[in-house]
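Contents: one structure, followed by commentary.
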Amino acid sequence: MKALITGGGGFIGRRVAEELVRRGDRVVLMDIAFPPGGLGGLGTAATTVSGNLAVFTDVLEAVREHRPDTVFHLGALLSASAEVDPISAYHVDVDGSFHVLEASRLFGVRKVIYTSSIASFGPGVPDPVPNEWDQKPTTLYGVSKVFTERLGEYFHGKLGLDFRAVRLPSVLGAGRGAGGASAYSTYLIDEPVHGHAYEAYCEERTRIPLLYVDDAVRALLQLHDAPQERLTRCTYNIQGFSPTAAEIAAAVRAKVPSARITFRPDPKMQAILNSWPRSLDDTEARREWGWKPSIDLAGTVDRYLAALAPASGR
Ligand SMILES: NC(=O)c1ccc[n+]([C@@H]2O[C@H](COP(=O)([O-])OP(=O)(O)OC[C@H]3O[C@@H](n4cnc5c(N)ncnc54)[C@H](O)[C@@H]3O)[C@@H](O)[C@H]2O)c1
């Protein structure tokens, strides 16, 4: 299988690429900017293409030249960045999705796998939110996720493109950027584990769904591999675990007693976080393609500590 990953230089894109390479697939990474320090464990195993999702010809050219079987469409401006620069976010997250789907249709791509988000839901939803529920997000990022889910379903139903999407919780793991309003969940662990103090910009009682990056990658590949006849829809909720920010801090302190964590809520970030669900009902993903998270909060903290071990000699 040959895969093109948009946003392939990003946090989740690189991890998806590593897993695809590990299982013998060919991988092309498309991104507007790759990490200056290189692609880490990926080395030269993947081909890289510089391109802007907002520019249709860049996307057309990448798909035409590389003719992937599957596009993993992960490139985006995340929630906090999108609120700061909504016009760019519209071009990247809305136009960019159309560009990816239309280029895929034109050049015979078989599957498009998309990373939607908990942010596609708005305030006032039940806890947990069922897979099928009104999506009335209050952020542009959330609007772009709903738009891409519906556009993908249109391409699937009317134009025969095999579009599949997961609504990811906030994804935790080393190397995550700060562009999402949910980034506090990673930094609450990452900073103390590295011996740094961390002042979280959210309230202690903030509760959103979280997922460790290895499970997020596994979900994307599992959905990709699922037989079409098992799937009754294009878009699936997946749930990991849903601790409060205070519970994350407690889990870190249990393993790193010297952790220095304080809370100073930022009203703008808090408003975004308050608009998101507390947890998602992932019954359909479990039933139809065998989704099951494998890493809980304590396991996540352990993995951060294990990742440190070679550097610190721990
Ligand atoms: N990280 C999370 O917690 C989370 C949660 C839910 C959904 N998602 C979704 O998963 C996907 C990947 O997220 P991530 O955490 O890896 O984010 P990331 O910011 O690390 O990666 C996104 C990548 O997209 C690239 N990009 C931005 N604008 C572009 C453009 N105009 N053209 C081409 N590339 C462009 C960036 O350079 C970056 O490498 C996104 O679609 C995001 O919305 C992430």
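General observations
- When +1 charges are put on Lys and Arg Cβ atoms and -1 charges on Asp and Glu Cβ atoms, the dipole computed for the range 227-314 relative to its Cα centre reaches about 340 debye.
- Signed unit charges on C-beta, dipole axis of the chain, positive-most listed residue 237, 289, 130: 289
- Using only the C-alpha atoms, the convex hull of the chain corresponds to 124 Å³ per residue.
- Within straight-line reach of residue 136, meaning a Cα separation under 14 Å, sit the following aspartates and glutamates at least 8 residues removed in sequence or on another chain: 149.
- Rounded to the nearest 10 degrees, the inclination of helix 11-22 to the longest alpha-carbon principal axis of the chain is 60 degrees.
- DSSP-defined antiparallel bridges as percent of all bridges, the chain, nearest 5: 5
- Against the chain, whose longest principal axis is taken from its Cα atoms, helix 297-312 shows a tilt of about 90°.
- Under a 5 Å amide H cut-off, with hydrogens placed 1.01 Å from N, residue 27 pairs with 3, 47 among residues at least 5 apart or on other chains.
- In units of the rule-of-thumb radius 2.2 N^0.38 Å, the range 191-249 shows an alpha carbon radius of gyration of 1.59.
- Based on protein heavy atoms only, the range 37-130 ends up with 41 Å² per residue of surface accessible to a 1.4 Å probe.
- Too-long pairs where the Cα-Cα distance tops 32 Å, listed order kept, from 2/292; 2/255; 111/268; 111/255; 2/145; 2/268: 2/255; 111/268; 111/255; 2/268
- Tensor-based shape of the range 112-185 (alpha-carbon gyration tensor, a/c under 1.5 rounded, otherwise prolate or oblate): oblate
- The chain - percent of accessible surface contributed by carbon and sulfur, probe 1.4 Å: 53
- Highest-MSF residue in the chain out of 193, 55, 71 [GNM, Cα springs under 10 Å]: 55
- Selection from 60, 147, 186, by position along the positive dipole direction of the chain (Cβ): 186
- Rounded to 10°, Cα long-axis angle of helix 245-255 versus longest principal axis of the chain: 70
- Total formal charge among the other residues, if their Cβ is under 13 angstrom from that of residue 207, Lys/Arg +1 and Asp/Glu -1: -2
- Cα gyration tensor, the range 212-314 - rounded (a/c under 1.5), prolate or oblate: oblate
- With protein chains left intact and a 1.4 Å probe, residues in the range 140-291 average 38 Å² of accessible area per residue.
- Put simply, the amide H of residue 112, placed in the peptide plane, has neighbours under 5 Å in 71, 162, 163, 164, leaving out anything fewer than 5 places away on its chain.
- Placing +1 on the Cβ of every Lys and Arg and -1 on the Cβ of every Asp and Glu, with nothing else charged, gives the chain a dipole about its Cα centre of roughly 520 debye.
The values are calculated or read from the model by the stated rules, or taken from the named source; none is laboratory data. Keep in mind the model is a prediction, meaning the values are calculated, not measured. Here Cβ is always computed from backbone atoms with ideal geometry, including for glycine, and neighbour counts include all displayed protein chains. To get the accessible areas, we keep the full protein, side chains included, count just its heavy atoms, and leave off ligands, DNA and RNA. Shrake-Rupley method; radii C 1.70, N 1.55, O 1.52, S 1.80 Å.
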